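The values are calculated or read from the model by the stated rules, or taken from the named source; none is laboratory data. Being a predicted model, the structure only gives us computed values, none of them experimental. Glycine gets a Cβ as well: all are built from the backbone with ideal geometry, and neighbour counts include every protein chain shown.
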Amino acid sequence: MKTHPCFRTVLCALSIASLAACGGGGGGGEPSGNGTLRLAMTDAPSCGYSAVNVTVEKVRVHQSSSASDNDAGWSEVVLNPARRVDLLTLTNGVLMELGQVPLPAGKYTQLRLVLASNTGAQPLTNSVVPTGASEVALKTPSGQQSGVKTNVNIDVGANQMADFVLDFDACKSVVAAGASGQYLLKPVVSVIPRFVSGVQGYVEPGTDTSVSLQFNGELVRATTPDSAGKFLLQPVAPGNYTLVVVGAGRTTTVITGVPVAAETVTSVSAGAAPLSLQPSPVATVKGTAPVDTIVRVLQPLSAGGTIEVAGRGVDGVTGAYGFTVPTLAPRVAPYAAPGTSLVFAADSAAAGRYAVQARLGGFADKTRTLPVLTEGAVQTTDFTFP
């Protein structure tokens, strides 16, 4: 199975070499003895769905990134019986424990998440509930029976536990199939160490928002606030991040330089003073790209750096995509320690300025800078590969 580009975990960019690093095949120099691999699953926020249900049968790991299904050397975490979960319940730091398995110490470079199949007797084993509509089956691509493959380097030490989380991105994994009313499941999964550290805070309740931590314009963790506006982004590797809050018809809110220390959850706002998202006129960004492309809408900030304000897969039949984006300037503030007020200022030079990026496995990313967007504007950008 071809590896999807979004399987590349952004933690690689953070140089967590001792825990997980992007890379190829299993290596030599394996320590003797056994260790333990423990796995859990979480979700990034969905978009336009009331529920996204998947049924997990097992997770397989191998020391070779090129090992085939029937090769020797696979170790498995088996869920018996298979477990059906609504991914939208796994936000705000909630984890579903998958289990653990003892295995020979060494470096494991291939992981496969195996989902149960929809059958005539169980047609909704994997399903989606579009907002305001009825539950329908999620059709899975042929060949997925072997599992969703991703290449990661997981070091398992002798007499130690390697603790990792599978981040299943429901928004990017569920793809509409044209006007058929059907949906395709094309899982986008990354594997991250189970850090205790993270970021928490509040946004004004009652707004349809999502919150993300980003590093160099790449999403590290994302979630949807609860009904009280509280959000928790965890697990997150220690480092410095940009926090981005977006909402439909709302001005983007950004906090730069958010520090995350080991074993610590950083607070960016309190319930008594939640982050607010001001209304904004919107423009539309749309176009087409080859099926299986992930499209991201990026916005450059005047102080440097770029943020992602939207992103998901194109339609699974037509290749169409579409987003609405705010035309008012994003509100940006540097991080302030608890007890100190955040000071937001409009980044006027960034108002209406966006780029669209297309990612398709096996090809270099393509990015197009858009003309400045004003209220009601419709900008069409089509992509072809190569």
Margin query: Against the condition part of a strand (DSSP E or B), at pLDDT below 90 and hydrophobic (A, V, I, L, M, F, W, C), how does VAL152 come out, does it pass?
Written below: yes
Next item on the list: Considering each of VAL245, VAL254, VAL317 in turn, give the residue that is within 22 Å of LEU88 (Cβ to Cβ) and either in a strand (DSSP E or B) or touching a strand residue (DSSP E or B) at 6+ places or on another chain (Cβ under 9 Å) (or both).
Entry: VAL245
Note to self: Out of the residues in segment 349-365 meeting the condition of being more than 23 Å from the chain's Cα centre (by Cα) and in contact (Cβ under 8 Å) with a residue 40 or more places away in the chain, tell me which one is farthest from VAL314 (Cα to Cα).
What the structure shows: ALA349
Margin query: If a residue must be in a strand (DSSP E or B), of a type in the set (A, V, I, L, M, F, W, C) and either at pLDDT 95 or above or under 18 Å from MET96 (Cα atoms) (or both), how many such residues does segment 162-192 contain?
Written below: 8
Margin query: Among (1) in a strand (DSSP E or B); (2) under 30 Å from SER280 (Cβ atoms); (3) among the aliphatic types (A, V, I, L, M); (4) in the same structural domain as GLY48 (by TED's automatic domain parsing), there is one condition VAL220 misses while meeting the rest; what is its number?
Written below: (4)
Next item on the list: Determine which member of the set ALA377, ALA346, ALA355 is surrounded by 14 or more Cβ atoms within 10 Å (Cβ to Cβ), touching a strand residue (DSSP E or B) at 6+ places or on another chain (Cβ under 8 Å), at pLDDT 95 or above and over 17 Å from ALA310 (Cβ atoms).
Entry: ALA346
Next item on the list: Search segment 121-140 for residues being over 20 Å from the mean Cα position of the chain (by Cα), assigned to a loop (DSSP other than H, G, I, E, B) and not β-branched (Val, Ile, Thr), and hand back the single one that is farthest from TYR183 (Cα to Cα).
Entry: ALA121
Check: What number goes with the only condition from (1) under 29 Å from ARG112 (Cβ atoms); (2) in a loop (DSSP other than H, G, I, E, B); (3) outside the structural domain of GLY99 (by TED's automatic domain parsing) that ALA262 does not pass?
Finding: (1)
Next item on the list: Scan (1) part of a strand (DSSP E or B); (2) under 16 Å from GLY93 (Cβ atoms); (3) not polar (S, T, N, Q) for the single condition PHE195 breaks and write down its number.
Entry: (1)
Checklist line | Checklist (1) touching a Ser or Thr at 6+ places or on another chain (Cβ under 9 Å); (2) of a type in the set (D, E, K, R); (3) surrounded by fewer than 19 Cβ atoms within 10 Å (Cβ to Cβ) applied to ARG194, failing item | finding: (1)
Next item on the list: Could you list, in sequence order, all residues of segment 223-242 that are free of Cβ contacts under 8 Å to residues at least 60 places away in the same chain, in a strand (DSSP E or B) and buried (at least 21 other Cβ atoms within 10 Å of the Cβ)?
Entry: TYR241
Note to self: Please go through (1) in a loop (DSSP other than H, G, I, E, B); (2) surrounded by 16 or more Cβ atoms within 10 Å (Cβ to Cβ) for LEU88 and return the number of the only condition it doesn't satisfy.
What the structure shows: (1)
Next item on the list: Report the residue count in segment 339-386 for those that are under 27 Å from GLY201 (Cα atoms) and not in a loop (DSSP other than H, G, I, E, B).
Entry: 4
